[in-house]
1. For every helix of n ≥ 4 consecutive DSSP H residues, a contribution of -39,500 (n - 2.57) applies; sum these over chain B, divide by its total residues, and give [θ] at 222 nm rounded to the nearest 500 deg cm²/dmol.
2. Under the √(5λ) rule applied to the eigenvalues of the Cα gyration tensor, what semi-axes describe the equivalent ellipsoid of chain A? Give them in Å, descending.
3. Multiply the residue gap between A:A382 and A:Q177 by 0.36 nm, knock off their C-alpha separation, and tell me the result in nm, one decimal place.
4. Can you list the HN-Hα couplings for region B:41-52, worked out from phi with the Karplus curve (6.51, -1.76, 1.60; θ = phi - 60°), rounded to whole Hz and with x for Gly and Pro?
5. Which lysines does B:K22 reach when only Cα atoms under 19 Å apart count, and residues fewer than 8 places away in its own chain are ignored?
6. What is the distance in Å between the Cα centres of region B:25-68 and region A:221-257?
7. Sort B:R227, B:R161 by Cβ crowding within 10 Å, fewest neighbours at the top.
8. Using the count of nearby Cβ atoms within 10 Å as a rough guide to exposure, how do B:H120, B:H111 rank from fewest to most?
Amino acid sequence: MIDRSRRWANRSLARLQTAGRLTIAQFRQQKLQLLLAVIGVALAVLAITLLVSTGLGVLETGQEQFDTADRDLWVTSSETRMTADGGGGFENTLYDSRTLSTEMESHDGISDAVPLAFDMAYLDNGETDEPQSVVATGVSGGGPAVEVTEGGELPTDPHFVDDPEEVETTREVLIDQETARTHNISVGDTVSVGGSLTAAQDTQFTVVGISSTFEEMSGAPTVTLPLNEFHRITGTTETEPATFITITVEDDADVEAVQQDLESAYPEYEIRSNQEQLSAVLQEQVIHLAAAGALIVLALSAGVALTVSLLSLVVYQQRQTFAALTAQGVSSSLLICTVIGQGLVIGVLGGTIGVALTPPAVIGLNRLSELVVGFEGLVQTAPWVYGVAVGIAVGIGTSAAMIAGWRVSRSAPLDHL
Amino acid sequence: MANSHGQTSTPSAVVSASDVRKVYTQGSNPGRIARALGRSPPPTISAVDTVSLAVSQEEIVGLAGPSGSGKSTLLHILAGLEHPTEGTVTFQGTELAALSRRGRTRHRLEHIGIVFQHFHLLNSLSARANVALPLVELGVGKRQRRQRATDLLERVGLGDRITHRPGELSGGERQRVAIARALVTDPALVVADEPTGELDTDTGRTILQEFQRVAENRAVVLASHDRETLDICDRLLRLRDGSIADRTSRGEITG
């Protein structure tokens with residue numbers, strides 16, 4: 001019994017060694033096929049790592065944005081949806097936002113409640129033919145942290161009382177760094193900002209500082225101005241709408257308890273924590289998420305299809321020799337082991353190359369995204385992504401080889417002799 | 001033991017075929033619906049028709065006949081590569097029909113050596129590795145595999161070519177590697193289909209001498225059109241339309 005087991009083990013080992021030698025020998029003879037298959041798998045792996053890294057980066061960037069905002073709760077009256085006519089802004093459906101935020105501030109545990117509004121506007125510095133479309137962001141004095149990199153901060157905006165026209169305006173704005181650079185605008189310059197092309201030529205503001213806080217959040221050029229001025233240029237002084245009311249709780253208050261308290265007091269509004277708000281924003285990007293998922297599936301399918309077809313080609317070229325060996329009595333398991341060996345080599349090489357190409361591709365994509373949309377570090381990878389990618393590559397190679405090997409085992413020797 | 005054709009299957013026969021028929025169907029049989037719609041069964045071709053023969057040790061039997069006469073099919077049936085539609089094939093007392101697919105593969109590995117017209121060597125392996133490959137299946141150790149392959153290659157005159165790949169060898173040398181591969185498991189029966197078909201006359205003669213040496217302690221069956229190849233046979237069976245049309249002994253062949 002022991003002798004039989006030992007003989008079986010020795011024979012299996014000899015088969016594996018022979019299959020390994022055959023695999024290497026076959027690849028030496030078919031370098032082009034090997035190269036093409038490896039490139040196919042490497043591209044599939046690269047597509048997967050980059051798509052997953054982009055997803056990770058979006059999550060990480062989103063989380064960072066919420067952390068930077070230094071808010072605890074987000075109040076909205078409906079979905080926080082990107083709108084086609086919003087120029088990258090949000091729907092402003094939270095009406096009478098100042099009164100509402102003042103009310104909310106009076107609740108126990110709330111330190112401040114600040115409305116935040118986004119809408120499309122136009123910026124004209126008098127030197128270009130047409131005003132540039134920008135995202136106008138209205139913030140109140142106690143609003144979310146606006147990081148100013150150059151110049152001064154915005155003044156605290158006054159609350160409209162009965163007649164908005166009676167409120168004194170300061171006509172001061174912040175612009176983002178990229179817009180300042182592109183249009184050669186400096187602190188102290190005068191620009192026109194308006195809710196329409198015509199209005200943009202009539203309403204002048206002084207640039208008091210440079211801030212990219214909301215440019216990084218919206219991915220578009222931004223002009224930040226006091227909330228009352230925002231409502232004035234967008235023609236919404238009557239309803240004073242906002243996209244969000246952001247809430248900071250007191251240091252010793254329990255965020256969850258405050259959230260529950262607000263939810264019961266304002267059932268018509270959505271009250272979300274930072275994490276819930278990020279999830280809600282991401283869930284509204286379902287089409288993009290589905291597209292990314294489809295791309296991953298396509299990349300995987302393309303990798304499998306390419307490897308199967310190339311391995312099938314390799315097997316097809318060797319069909320007569322394999323048939324002759326089967327006729328001679330060589331078992332199909334040795335031939336299948338050889339084909340699987342070829343698939344493994346393709347998977348490991350393709351996976352390694354795909355993973356090796358990921359870091360430079362991430363750097364390139366980050367530079368591109370910074371240039372195009374202004375986000376820094378949009379694509380972020382992690383060690384586990386590499387591990388999963390290599391696993392998938394080996395899986396692609398092995399599964400493709402198993403399909404090709406199965407075809408070898410199914411064919412009768414005389415079919416090819 | 002006599003069959004319907006009066007061919008005696010001697011007890012010392014290495015392989016014997018008794019009333020063997022092989023019928024091929026051209027296309028697939030119609031399904032139930034196709035039959036109900038009146039589709040008739042596909043036509044059949046009888047490749048081998050009620051053939052009996054026995055091949056003894058140290059005997060070379062030649063199968064001759066025009067293309068399509070059934071000689072390759074009969075060769076494959078004797079080698080256990082093909083199942084006869086009717087009749088039995090017995091190899092050293094074992095009926096091949098009783099063996100499973102895996103059993104037949106093992107049977108070929110242990111008892112049959114096959115030489116093909118187009119050699120069918122693995123181009124990526126050396127001559128020695130090609131010859132030694134079937135021994136892996138038999139569980140022979142690496143050193144013994146290399147030694148036996150080297151011995152056989154030396155025997156067929158390729159002692160100085162053992163590390164060469166098939167692409168670096170001439171047609172005759174490749175066929176000698178194929179013969180060495182067929183002999184490496186020490187089979188009782190060697191079958192060859194047009195073994196000199198790809199070779200020039202002089203190289204073909206060298207290969208035929210190899211076959212004569214091969215037959216010294218085993219049975220050999222050759223299928224060929226070539227007169228010189230058939231001249232080395234002890235017995236010659238001429239096939240026509242799947243049946244044996246003529247049997248000739250050595251004296252009659254050379255005479």
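Nothing in this text is a laboratory measurement; each read-out follows from the coordinates by a stated rule. The shown structure was predicted, so the numbers you read here are calculated from the model rather than taken from an experiment. All Cβ positions, even for glycine, are placed from backbone atoms using ideal geometry, and neighbour counts span all protein chains on display.
1. -10000 deg cm²/dmol
2. Ellipsoid semi-axes (Å, largest first): 63, 24, 16.
3. 70.8 nm
4. In residue order, the calculated couplings are x, x, x, 10, 10, 8, 7, 10, 10, 6, 10, 10 Hz.
5. Cross-link targets: B:K71.
6. The two parts, judged by their Cα centres, are 88 Å apart.
7. If I rank by nearby Cβ atoms, fewest first, I get B:R227, B:R161.
8. Starting with the residue having the fewest Cβ neighbours, the order is B:H111, B:H120.
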